[in-house]
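Undergrad: Handing you this structure, nothing more for now.
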Amino acid sequence: MASISIDMSPAFIKGVTKHLPNAQITFDKFHVIAHASTAVDKTRRIEQRTDPSLKGCAGSF
């Protein structure tokens, strides 16, 4: 089985699945970490809005 590492772009995913249907896709770590960081930041912002004790806290997770 072939393996390919790509970013998480829908265009790349579509191209690989179309032209290399048997390849196993692995997403590159840069894009996975970027998505995780965005999710953590979004959660942090929500928590700061809903928990008064976190008001003004820059927070380092």
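Undergrad: Eigenvalues of the Cα gyration tensor times 5, then square-rooted: what semi-axes does that give for the chain, in whole angstrom, largest first?
TA: 38, 10, 7
Undergrad: Residues with beta-carbon under 13 Å from that of Leu54, excluding Leu54: net charge, scoring Lys, Arg +1 and Asp, Glu -1? Kindly include the intermediate steps, with their values, before the conclusion.
TA: Values: positive: Arg44, Arg45, Arg49, Lys55; negative: Glu47, Asp51.
With Lys, Arg at +1 and Asp, Glu at -1, the net is +2.
Undergrad: Over the chain, calculate the relative contact order: mean separation of alpha carbon pairs under 8 Å at least 6 apart, over the residue count, as a percent. Don't jump to the answer; show the numbers that get you there.
TA: Details: 39 pairs, mean separation 17.6, N = 61.
Across the chain, relative contact order equals 29 percent.
Undergrad: Where does helix 29-50 land angle-wise versus the long Cα axis of the chain, in degrees 0 to 90, nearest 10?
TA: Value to nearest ten degrees: 30.
Undergrad: Round to the nearest 10 and give me the degree value, 0 to 90, for the angle of helix 10-19's Cα axis relative to the longest principal axis of the chain.
TA: 20
Values in this text are rule-based calculations from the coordinates and carry no lab data. This structure is a prediction, so every number in the text was calculated from the model and none was measured. Cβ sites come from the backbone with ideal geometry, for glycine too, and all protein chains shown count toward neighbours.
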